[in-house]
1. Surrounded by fewer than 23 Cβ atoms within 10 Å (Cβ to Cβ), more than 22 Å from Glu227 (Cα to Cα) and touching a residue at least 12 places away in the same chain (Cβ under 8 Å): is that true of Asp291 in this structure?
2. When both residues are 6+ apart or on different chains and their Cβ atoms are under 6 Å apart, which pairs have a first residue that lies in the stretch 299-325 and is under 22 Å from Pro132 (Cα atoms) and touching a residue at least 12 places away in the same chain (Cβ under 8 Å), and a second that is surrounded by 15 or more Cβ atoms within 10 Å (Cβ to Cβ) and of a type in the set (Phe, Trp, Tyr)?
3. Look through Gly181, Gly222 and report the one residue that is surrounded by 19 or more Cβ atoms within 10 Å (Cβ to Cβ), in the same structural domain as Pro302 (by TED's automatic domain parsing), out of contact with any Gly (no Cβ under 6 Å at 6 or more places or on another chain) and touching a residue at least 60 places away in the same chain (Cβ under 8 Å).
4. Can you pull out every residue in the stretch 231-264 that is surrounded by fewer than 23 Cβ atoms within 10 Å (Cβ to Cβ) and either within 16 Å of the chain's Cα centre (by Cα) or at positive phi (or both)?
5. Take the stretch 136-167 and flag every residue that is within 26 Å of Ala178 (Cα to Cα), among the hydrophobic types (A, V, I, L, M, F, W, C) and more than 14 Å from ligand 1 (Cβ to nearest atom).
6. Cβ-Cβ distance below 7 Å, separation of 6 or more or different chains: which pairs start in the stretch 150-178 with a residue that is of a type in the set (D, E, K, R) and end on one that is within 16 Å of ligand 1 (Cβ to nearest atom)?
7. Which condition does Ala67 not pass, out of (1) assigned to a loop (DSSP other than H, G, I, E, B); (2) more than 26 Å from Lys124 (Cα to Cα); (3) not acidic (Asp, Glu), if it passes all the others?
8. Take the residues in the stretch 134-178 that are within 16 Å of the chain's Cα centre (by Cα) and over 23 Å from Pro280 (Cβ atoms); name whichever of them is surrounded by the most Cβ atoms within 10 Å (Cβ to Cβ).
Amino acid sequence: MSPSRRSVALLGATGSIGVQTLDVLRHESERFELTAISGGEQLSELAAIVREFNVKSVAVKSAEHRATLGELISREVSIVVGEEGLAQLSASADVVVNAVLGFAGLPVTLGALGAGKRLALANKESLVAAAPLVANVRHQPGAQLVPIDSEHCAIHQCLASSPALPGYPDVRRLLLTASGGPFRGWSAEQLRGATKADALRHPTWSMGDKITVDSSTLMNKGLEVLEATALFGIDAARVDVVVHPQSIVHSMVEYVDGSVLAQLSRPDMRLPIAYSLGLPQRLTHHWGDLDFTQTMELNFEPPDREAFPALGLAYEAARLGGAAPAWLSAANEVAVEAFLADAIAWCDIVALVAATMDHYVADPLDSLASLHENDEAARRWARASLEN
Ligand code: NDP
Ligand code: MG
């Protein structure tokens, strides 16, 4: 590798964020070298990435996956397995992109920061669930946490000129924008008839199925409120949600003097991905500009908290703190999986999360072992509710 090129580990390379990261890397091969990747079930795609980028190390889920991948790749590649494999590759590159789905991304978040790497974070579930543990490893020498989630990337950019004092005292509040999802404006009765096809039809973003469903319930925005508190050290009472159907303003920061800074761009995840890779440099983009010569409407409205109770549950989890956000996220993973498997209706997703949260017993979350215990307990309660 040329000494000026930065090595990149892309974990979750076969997913929506993974594929878009590969597209950025194709255009930036003089700056970055992809050295390590991981995937879940899509082993042929993983093998194709190894061949195209001449990747040196791959993490897979199991020994069976390793055997199958080994047959698909006819060259010398190190293949590591399971959580340990993911953690190992997360410590192996200058920049670690966490594009794994759900709680399974935890070893990447903790591994990259613990090893003093730049973590380019798409996987919000790990940060939401493990916020107190992430706070402990975030201060490792060299560790840097740069958000890929578009709202948090926008806030990161808007805060760049602000003195990074604990709690950002000159910030009145963060305003997270939300497209409102496919069910914006639907009545409670219409929502009762919402189908999987309806939920998977996002109006502005093309994403993996889980986050697309999360966007339809507004649980995605709820998780993002929790993500913002963990990332920026700002209490949830100073994080508001604003529905902005065009997805052009990606979020805003309101300062105590009444100034509001916003970041605008076309809705394309390659922008925040490129930002997280290139920081402090901006990478020249190739995905189209906003056209200010044409009339453009930017609308803002409050979210309908009655129709979308997920937001309230997330604020309540933020108020409880400790392991409550981990429970919320774990229960939601179980519920969304069940919905995608046609086992429950759309309306049951958030109802199941609420029923699970009723069993939460306060826990300050001071160790990895306790996080795993809480995650398992929440999943157990969620599955028990599924059977009732
Ligand atoms: P996808 O479902 O498209 O991709 C997920 C990736 O993780 C795939 O590579 C998948 O492998 C892998 N994976 C899934 N389960 C496991 C597991 N148990 N162990 C190891 N690897 C696993 O998801 P997205 O790309 O949409 O989202 C990824 C993360 O980024 C999520 O946390 C999401 O919230 C966040 N995010 C996504 C955005 C988007 O635009 N998509 C926007 C903002 C945040 P395989 O496919 O091979 O099975
Ligand atoms: Mg987002």
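1. On the way: surrounded by fewer than 23 Cβ atoms within 10 Å (Cβ to Cβ): yes; more than 22 Å from Glu227 (Cα to Cα): yes; touching a residue at least 12 places away in the same chain (Cβ under 8 Å): no.
Considered against the rule, which asks whether it is surrounded by fewer than 23 Cβ atoms within 10 Å (Cβ to Cβ), more than 22 Å from Glu227 (Cα to Cα) and touching a residue at least 12 places away in the same chain (Cβ under 8 Å), Asp291 comes out as no.
2. Going by the 6 Å Cβ cut-off, the qualifying pairs are Ala324/Tyr360.
3. Working: Gly181 fails: touching a residue at least 60 places away in the same chain (Cβ under 8 Å).
Being surrounded by 19 or more Cβ atoms within 10 Å (Cβ to Cβ), in the same structural domain as Pro302 (by TED's automatic domain parsing), out of contact with any Gly (no Cβ under 6 Å at 6 or more places or on another chain) and touching a residue at least 60 places away in the same chain (Cβ under 8 Å) holds for just one of Gly181, Gly222, which is Gly222.
4. Passing the criteria: Phe232, Gly233, Ser247, Gly258.
5. If the condition is that a residue be within 26 Å of Ala178 (Cα to Cα), among the hydrophobic types (A, V, I, L, M, F, W, C) and more than 14 Å from ligand 1 (Cβ to nearest atom), then Leu145, Cys158, Leu159, Ala160, Ala164 are the ones that fit.
6. Pairs found: Glu151/Leu176; Glu151/Thr177; Glu151/Glu224; Glu151/His250; Glu151/Ser251.
7. (1)
8. By that ranking, first place goes to Thr177.
The values are calculated or read from the model by the stated rules, or taken from the named source; none is laboratory data. This is a predicted model, so every value here is computed, not measured. Positions of Cβ are backbone-derived with ideal geometry, glycine not excepted, and every protein chain shown enters the neighbour counts.
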